[in-house]
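Everything on this sheet refers to the single structure shown next.
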Amino acid sequence: MKAMILAAGRGERMRPLTDSVPKPLLKVGDKALIVWHLERLERAGFADIVINHAWLGSLLEATLRADAPKSLGVAYSPEGEALETAGGIANALPLITTRDEPFLVVNGDIWCDFDVGRAATIAQQMMAANQLAHLVMVPNPAQHSQGDFALEGGRVFDDRNPRFTFSGIGIYRPALFRTVMRGAKAKLAPLLRAAMQDGQVGGELHLGVWEDVGTPERLAALNQS
């Protein structure tokens, strides 16, 4: 099973920090945020990682050549212009899998202690239930109090309450992205909502550590915690 880290965002809310450094290279403690992700994936048993990038992608690649765990196979999916979440995933699919097998995706700008080692088990459950996606949800943070989707009985819904926040960690099957042309911009939420209508999105609530490292203030708070 492969994993993908989404790292193509410009990080507008992080400016001026991201004017000269891509957001995934901002440091938490003594390491870049994306290096923490890579180390966690390595410990969980992942061997092959795909990373997309756009803004300052050459700097990201150069840094990870030196700092990424040496046992990992890392492939890059460059985007001349960021393709949004679904567009970036669809563009990278040939690097991830040639079959209809689930893969893990992690947003590069979150900090979370979700056990990514469970991804393979979740993938088997998805296949048995004919699900296209499994979303890790978290309680709503102050900056996103309205949440994204509802969670009930292990399924995710768009038309129910209470709503929780999508963590940025998901397991997907390639079929979810079948309508997205490679190289085209596409958002993830419309694809998920369509699959929810067919009962094909599962999920769970993670009650552990999760931070959206989306502003300089949140990054500073994380570094002080």
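Quick notes on this one:
- Residue in the range 202-218 that is more than 17 Å from the chain's Cα centre (by Cα), more than 17 Å from M126 (Cβ to Cβ) and aliphatic (A, V, I, L, M) present: yes
Residue-by-condition table, conditions (1) without any contact (Cβ under 8 Å) to a residue 12 or more places away in the chain; (2) hydrophobic (A, V, I, L, M, F, W, C); (3) farther than 22 Å from G117 by Cβ:
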| residue | (1), (2), (3) |
| --- | --- |
| P22 | no, no, yes |
| I34 | no, yes, no |
| I49 | no, yes, no |
| L56 | no, yes, yes |
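- Considering residues of the range 2-36 that are assigned to a loop (DSSP other than H, G, I, E, B) and of a type in the set (D, E, K, R) only, the residue modelled with the highest pLDDT: K2
- Selection status of V213, of a type in the set (V, I, T) and touching a strand residue (DSSP E or B) at 6+ places or on another chain (Cβ under 7 Å): yes
- Taking first residues from the range 140-155 that are of a type in the set (K, R) and partners that are not in a helix (DSSP H, G or I), the Cβ contacts under 6 Å between residues at least 6 apart in sequence or on separate chains come to R155/G202.
The values are calculated or read from the model by the stated rules, or taken from the named source; none is laboratory data. No experiment lies behind these values; they were computed from the predicted model shown. Glycine gets a Cβ as well: all are built from the backbone with ideal geometry, and neighbour counts include every protein chain shown.
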